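Read-outs throughout are calculated quantities, based only on the coordinates presented, and are distinct from any laboratory measurement. Keep in mind that this is a model prediction, so the values were computed, not measured. Cβ placement follows ideal geometry from the backbone for every residue including glycine, while neighbour counts extend to all protein chains displayed.
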Ligand code: FPP
């Protein structure tokens, strides 16, 4: 089992993002309702949060509801709204005690029940001066929607096209102070980003695991970080410890004898 002993404490990612996928399949495999899977996902989420705190990760962003998830059955959408509300109600005291700063990134929407919106506002306000882990729920979030919203605000603010560069775009994201994720983990064996943090993930290391989200938690997070630490992040440059370039191939020599 992977423990913190396998992790280099000097190279822990500053920001980890998670696509919490596979709750429905987890439930289906057990003959349960999809919503039971989402409920089981709450435990995995909390374990991941506490493991992140223990590792000294500064930012954890989780994909809790996408702008596309409204297309799911009404009963499931309703359940997910209630689950997010209950997560806040049930865990706000402990999260606040652990110095967690809670944030929600995504579109405000009249379809979100006002009770949940109030709970979100209260939790964000209550924890805004906390200095530990910043836990961001990407909720009613879409990466494309974030860029569209930013472009609209740039136009409304009269930003001239000459002044648009990466720094300017960053200023118009939902949370300009949020560093890009170093590591993005997606569970459930799917190899997609599904409209998560389109701009911010440009240079993130991606780790995909077959585990379904309710089976995720402390040990799988440690394992993903060990994988992350084995990667060579180059950001377009060549590796600092790059192996010597291969000897030039003599194209006159037949392939079989090269
Ligand atoms: C993207 O897959 C995944 C998400 C938007 C995560 C959704 C997460 C939940 C509904 C559960 C949240 C759990 C808790 C504990 C709050 P997708 O299915 O939206 O996209 P795809 O169709 O490309 O797979």
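Computed with the Debye formula from one identical point scatterer per Cα of the chain, without solvent, the log10 of I(q)/I(0) at q = 0.17 Å⁻¹ comes to -1.43.
Using the alpha carbons of the stretch 100-217, what is the convex hull volume per residue in cubic angstrom, as a whole number? It would help to have the intermediate numbers written out before the result.
Numbers: hull volume 17.0 nm³, N = 118.
Once divided by residue count, the hull of the stretch 100-217 is 144 Å³.
The separation of the stretch 15-67 from the stretch 144-220, counted between C-alpha centres, amounts to 18 Å.
Divide the volume of the convex hull around the Cα atoms of the stretch 22-62 by the residue count and you get 59 Å³ per residue. To the nearest 10 degrees, how steeply does helix 114-127 sit against the main Cα axis of the chain, on a 0 to 90 scale? Compared with the principal axis, the helix lies near 60 degrees. Taking other Cβ atoms within 10 Å as a rough exposure proxy, 197, 206 sort from fewest to most as 206, 197.
Counting neighbouring beta carbons within 10 Å and listing from fewest to most, the residues 167, 33, 118 come out as 167, 118, 33.
Between helix 143-156 and the chain, what is the angle of the helix's C-alpha long axis to the longest principal axis, kept within 0 to 90° and rounded to the nearest 10? Helix 143-156 sits roughly 80 degrees off the main axis of the chain. Neighbour counting of Cβ atoms within 10 Å sorts the residues 86, 20, fewest neighbours leading, into 86, 20. The C-alpha atoms of the stretch 184-231 occupy a region whose extents along the principal axes are 29, 23, 14 Å, arranged from largest to smallest.
The angle between the Cα long axis of helix 34-55 and the longest principal axis of the Cα atoms of the chain comes to about 60 degrees, rounded to the nearest 10.
Find the all-direction average of the projected area of the Cα convex hull for the stretch 43-99, expressing the result in square nanometres with one decimal place.
About 4.5 nm², averaged over all directions.
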